[in-house]
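Nothing in this text is a laboratory measurement; each read-out follows from the coordinates by a stated rule. This structure is a prediction, so every number in the text was calculated from the model and none was measured. When we count neighbours, we look across all protein chains shown, and the Cβ atoms used for this are built from the backbone with ideal geometry, even at glycine.
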C-alpha cells in the first residue's frame with residue numbers, strides 16, 4: 001500500500017460573478033504519495049493556482065474533500081486549521097511581491113515562528129532563522145538586509161526558508177522559478193530537490209513550464225479549464241500523451257536543439273470562458289478531433305496502470 | 001566583406017548611463033552585422049543588455065542619463081547616429097520597427113486597434129486616411145484577426161490577440177529590419193506556438209530581416225539562422241545555429257545550456273552557473289564572466305580578444321590561446 005500523504009477528492013471551487021458562475025476548479029481528484037512530487041501543469045486561467053490555494057484553504061472550496069494525513073482539512077475549525085497548516089506550506093510565484101518590503105530578511109523568516117509561538121526567547125528564534133538561512137544558501141551577512149537589496153534568486157530563497165520554518169511535510173510550489181533567469185532557475189530547482197531528498201518533503205509543483213515539470217515531478221496532471229484532462233507518471237506522459245490537449249501542449253515546447261524537427265500541433269483559438277461552461281468536453285471548441293460524442297463531459301479513465309485520460313475518443317485518434 | 005548585403009552594420013557600440021551615484025556600463029563594445037533576409041537571435045539573461053541594444057538601434061535610449069557611442073551604426077545603408085529628428089521619425093516604423101515584450105502595455109488603451117495600425121501607415125506611406133484604414137484591416141487579417149474587429153479597443157482582446165496587433169503595427173509598413181523583444185514571453189505555450197508559427201510565415205513572405213531578443217534557446221533554434229550570446233553588455237559568442245548549438249565554444253554559452261532541463265532526459269542533473277550576474281556599474285576586470293567561469297585562470301583578468309573559429313563562428317575567450325583548451329560540451 002502506497003503511503004499517501006494527501007488525497008484530494010472532487011475538489012471544486014466556483015466563484016459567483018456578475019455574468020454567471022465561474023468554474024475555476026471543477027471536480028479535481030488526485031493523490032500524492034509521501035516524498036513524491038506531483039506536477040500540476042496548464043496554461044493561464046486553467047485553475048492550477050486556485051487548486052493549490054483551495055487545498056490549503058486560503059480559498060474556501062465550494063465542495064470536495066482534501067484529506068491530509070487522514071483528516072479532511074475542509075472540516076477543520078479555525079484553530080485546528082492553524083495547527084494543520086504547520087505541515088502544509090506554500091512557496092509563491094513572485095519573489096518581488098510576496099515578501100513584505102518593510103521587513104528584513106530575518107524578520108520575514110521569523111514571522112511563522114512567532115505566529116505559532118514555537119520558541120520562547122528571541123535568541124532561539126534567531127538561531128532557528130540562521131539555521132534556515134544556511135539551509136537555503138543565504139549568507140549570514142544578509143540577516144538584516146531588506147528584500148529590495150536582493151536579486152530574484154535570493155528573494156525566492158527567502159520565500160523557501162519561510163516555508164520551511166515550521167518544518168512542513170508538504171509544500172505547494174506555485175511557479176517558484178517562473179520569474180527567474182535560467183541560470184538562477186537551475187539553482188533553485190536543485191535546492192528544492194535537495195531539500196526533498198533530505199527531509200522527505202512532498203511537493204505539488206504548479207507550473208506552465210513543461211520542461212521544468214518533466215525534470216522535477218514524479219507524476220504530472222494536465223489541467224484545462226478547471227479539470228484534469230490527463231494524469232500519468234512523467235515519463236509515460238511525455239512518451240505517450242493521449243489527450244489531444246496534452247499532445248498539442250507537448251508539441252508546442254520549443255526545444256533548444258537544432259535538427260530536431262518535430263511535428264507541431266497548432267491548436268486553434270484560445271482558452272474559452274470558464275463562466276457557465278456548457279456540459280461538453282472543455283476542450284471541444286479547440287480540439288482538432290472533436291465529434292458529436294464530445295458534447296458530453298468525459299470522465300477520467302485509467303487506460304494503463306497510473307495513466308488517466310478524460311477523452312471520449314481514446315483509441316480512435 | 002563589403003559585397004555582403006547588410007541590413008544592419010554595428011561597430012563598437014557602447015552605452016552607459018551616467019547618474020550621480022554611479023555610471024552603469026550597459027553595452028561594452030558590441031559588434032553586430034546582419035545580412036538581408038536573415039534572422040539573428042540575441043540571447044542572454046536579464047541585464048545582459050539585449051533590450052538596450054535594440055533601443056540604441058532605434059535611438060530610443062533616453063539621454064540623459066544614457067550616452068550612446070559607436071564607430072558605426074548603419075541600418076539599410078543609412079547612418080543612424082547622425083540622423084536628424086525628421087529622418088529618424090521616417091526611419092522608425094518604416095526601415096526598422098520593433099515588437100515590444102509586453103503586449104498589455106504596448107498598446108494605447110484609448111484608441112481602437114485599427115487606428116493604431118493605420119497611424120503608422122498614414123505617417124509613412126503618403127496615402128489617405130481611408131487607404132490607411134483599409135491597410136489596417138488587411139494587416140489584422142494577415143495576423144489572423146477578423147478585419148471587422150478593427151474598431152475594437154485593446155482591452156477587448158486577449159493577450160495573444162494583443163500581441164498579434166502589436167506585430168501587425170510593426171509589420172504594417174513592411175520594415176526591412178524587425179526587432180522582436182521577447183515577443184512571446186508573456187504568452188502561454190500553445191499561443192506562443194501560434195505566434196511563432198505566424199512570425200515564421202510572415203518573414204518568409206516579406207523577406208524581413210529579424211533580430212529576435214529572447215532568453216529562450218528553444219525559440220532561437222526554431223526561428224533564427226544565427227545566434228549571438230550576450231553577457232554583461234557584450235557578445236561573447238556568435239555564429240550560425242549549428243556553430244553555437246553543436247560546437248559551443250564559450251563557457252557562458254555552455255553554462256546556459258547546462259542550466260536548462262533536458263526534455264529528453266529527465267534524470268539529467270541541472271548544472272547551474274554559480275554566482276550572479278555582475279553589477280554593471282562595477283564590472284569585473286578583463287572577461288566579465290571570469291568570477292563565475294569554471295575554466296577561469298589569472299589570464300582571464302586581462303582584456304579579452306575576439307577570436308575567429310571558422311568563417312561564421314566567433315568567440316571572445318582567451319583560454320583558446322592554449323592549443324588544447326576545450327570546454328566539456330564541445331566533446332559531444
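Highest first, please rank the peptides A:112-124, B:122-134 by the mean number of other Cβ atoms sitting within 10 Å of their residues. Write out the running numbers ahead of the final one.
Details: A:112-124: 12.3, B:122-134: 14.8.
With the highest mean Cβ count within 10 Å placed first, the list reads B:122-134, A:112-124.
For residue B:63 and residue B:23, calculate 0.36 nm times their separation in residues minus their Cα-Cα distance, and state this gained length in nm to one decimal.
Values: separation 40, 0.36 × 40 = 14.40 nm, distance 1.35 nm.
That pair, residue B:63 and residue B:23, stretches by 13.1 nm at full extension.
Take every residue in peptide B:182-191, count the Cβ atoms of other chains within 10 Å of its Cβ, and give the average of those counts. Present the calculation step by step, with values, prior to reporting the outcome.
Details: counts 0, 0, 1, 0, 1, 2, 10, 12, 14, 7.
What the average comes to for B:182-191 is 5.
Hey, could you get me the Stokes-Einstein D for region A:269-317, Kirkwood radius over alpha-carbon pairs, 4 °C and 1.567 mPa s, rounded to whole µm² s⁻¹?
Values: Rh = 11.8 Å.
Roughly 110 µm²/s, to the nearest whole number.
Which residue fluctuates the most in chain A, going by a Gaussian network model with Cα springs under 10 Å, if the choices are A:30, A:170, A:68?
Among A:30, A:170, A:68, the largest mean-square fluctuation in the Gaussian network model of chain A belongs to A:30.
How would you rank B:19, B:190, going from fewest to most other Cβ atoms within 10 Å of each one's own Cβ? Mind showing how you got there, number by number?
Values: B:19 11, B:190 22.
Fewest-to-most ranking of B:19, B:190: B:19, B:190.
Quick one: plug the Kirkwood hydrodynamic radius of region B:1-51 (C-alpha pairs) into Stokes-Einstein at 10 °C, 1.306 mPa s, and report D in µm²/s.
Working: Rh = 13.0 Å.
In µm²/s, the coefficient is 122.
Does anyone have the angle between helix B:129-142 and the longest principal axis of chain B? Alpha-carbon axes, 0 to 90°, nearest 10?
50 degrees
Can you compute the modelled spin-label distance between residue A:10 and residue A:121, with each label point 7 Å from Cα toward Cβ, in nm?
Placing both labels 7 Å along Cα→Cβ, they lie 5.4 nm apart.
How big is the C-alpha Rg of the protein assembly as shown next to the rule-of-thumb value 2.2 N^0.38 Å, as a ratio? Walk me through the numbers before you get to the answer.
Working: Rg = 26.3 Å, N = 649, 2.2 N^0.38 = 25.8 Å.
Rg over 2.2 N^0.38 Å, computed on Cα atoms: 1.02.
I want to make sure I understand the PRE zone here: with the label point 7 angstrom from the Cα of residue B:36 toward its beta carbon, which residues in region B:174-190 have backbone N atoms less than 14 Å away?
Taking a point 7 Å out along Cα→Cβ of residue B:36, the residues of region B:174-190 whose backbone N falls under 14 Å are B:175-177.
Could you give log10 I(q)/I(0) at q = 0.22 Å⁻¹ for region B:172-236, computed by the Debye formula over C-alpha point scatterers of equal weight, without solvent?
-1.02
Averaged over its residues, how many other protein chain Cβ atoms are within 10 Å of peptide B:265-274's Cβ atoms?
Working: counts 2, 9, 2, 1, 5, 12, 3, 11, 6, 2.
Going residue by residue through B:265-274 and averaging, the value is 5.
Relative to the first principal axis of the alpha-carbon coordinates of chain A, what is the inclination of helix A:182-199, with its axis defined by its Cα atoms, in degrees from 0 to 90 and to the nearest 10?
80 degrees
For region B:4-48 and region A:179-216, compute the distance between their C-alpha centroids and round to whole Å.
Taking the Cα centre of each part, region B:4-48 and region A:179-216 sit 33 Å apart.
Considering only DSSP beta bridges whose two residues both sit in chain B, what percent are antiparallel, to the nearest 5? Could you put the intermediate results ahead of the total?
On the way: 31 of 50 bridges.
The antiparallel proportion sits near 60 percent.
Taking a quarter of the surface of the Cα convex hull of region A:4-240, what do you get in nm²? Walk me through the numbers on the way to the answer.
Working: hull surface 54.3 nm².
Mean shadow area of the hull around the Cα atoms is 13.6 nm².
Starting from the Cα of residue A:149, step 7 Å along the direction of its Cβ; do the same at residue B:104; then give the gap between the two resulting points in nm.
The modelled label-to-label distance comes out at 3.1 nm.
Report the FRET efficiency, 1/(1 + (r/R0)^6), for residue B:152 and residue A:3, where r is their Cβ-Cβ distance and R0 is 45 Å, rounded to 0.05. Before the final figure, lay out the partial values.
Working: r = 54 Å, r/R0 = 1.21.
Plugging the Cβ-Cβ distance into 1/(1 + (r/R0)^6) gives 0.25.
Over the Cα atoms of region B:115-193, what radius of gyration and what Dmax do you get, in Å?
Taking only Cα atoms of region B:115-193, I get Rg and Dmax of 12.7, 39 Å.
Specify whether the C-alpha gyration tensor of region A:64-193 places it in the rounded, prolate or oblate class, a ≥ b ≥ c being the square roots of the eigenvalues: rounded for a/c under 1.5, otherwise prolate if a/b is larger than b/c and oblate if not.
Details: a/c = 2.08, a/b = 1.29, b/c = 1.61.
Taking the square roots of the gyration eigenvalues as a ≥ b ≥ c, region A:64-193 is oblate.
Does region B:248-332 classify as rounded, prolate or oblate by the C-alpha gyration tensor (a ≥ b ≥ c root eigenvalues; a/c under 1.5 gives rounded; else a/b over b/c gives prolate, otherwise oblate)? Mind dumping the intermediate values first?
Working: a/c = 2.09, a/b = 1.26, b/c = 1.66.
Taking the square roots of the gyration eigenvalues as a ≥ b ≥ c, region B:248-332 is oblate.
Going by how many other Cβ atoms sit within 10 Å of their own, how do A:133, B:199 line up, fewest first? Kindly include the intermediate steps, with their values, before the conclusion.
Details: A:133 20, B:199 25.
Lowest count first: A:133, B:199.
Counting partner chain Cβ atoms within 10 Å of every residue's Cβ in A:247-256, what's the average? Walk me through the numbers on the way to the answer.
Details: counts 0, 3, 4, 2, 3, 9, 5, 15, 8, 14.
Rounded to a whole number, the mean comes out at 6.
Once the principal axes of the Cα atoms of region A:220-317 are found, what is the range along each, listed largest first in whole angstroms?
Cα spread of region A:220-317 along its principal axes, largest to smallest: 43, 33, 24 Å.
Helix A:122-135 against the longest principal axis of chain A: what's the angle in degrees, Cα atoms only, rounded to the nearest 10?
50 degrees
Work out, step by step, the length gained on full extension between residue A:198 and residue A:304: first 0.36 nm times the residue separation, then minus their alpha carbon distance; give nm to one decimal.
Numbers: separation 106, 0.36 × 106 = 38.16 nm, distance 3.20 nm.
Answer, rounded to one decimal: 35.0 nm.
Compactness ratio of region B:44-184: Cα Rg over 2.2 N^0.38 Å, N = residue count? Don't skip to the answer; put the middle values down first.
Working: Rg = 15.8 Å, N = 141, 2.2 N^0.38 = 14.4 Å.
That works out to 1.10 for region B:44-184.
Quick check on chain B: what are the equivalent-ellipsoid semi-axes from the Cα gyration tensor, as sqrt(5λ), descending, whole Å?
Values: eigenvalues 261, 105, 68 Å².
Taking √(5λ) for each eigenvalue gives 36, 23, 18 Å, largest first.
Mind grabbing the base-10 log of I(q)/I(0) for region B:201-270 at q = 0.24 Å⁻¹? Debye formula, identical points on the C-alpha positions, no solvent, two decimal places.
-1.17
Which value in Å is the Kirkwood Rh of region A:138-281 over different Cα pairs?
On the way: mean 1/r = 0.0561 Å⁻¹.
It is 17.8 Å.
Calculate the spin-label point distance for residue B:305 paired with residue B:200, positioning each point 7 Å from the Cα along the beta-carbon direction, and give it in nanometres.
Roughly 4.1 nm, to one decimal.
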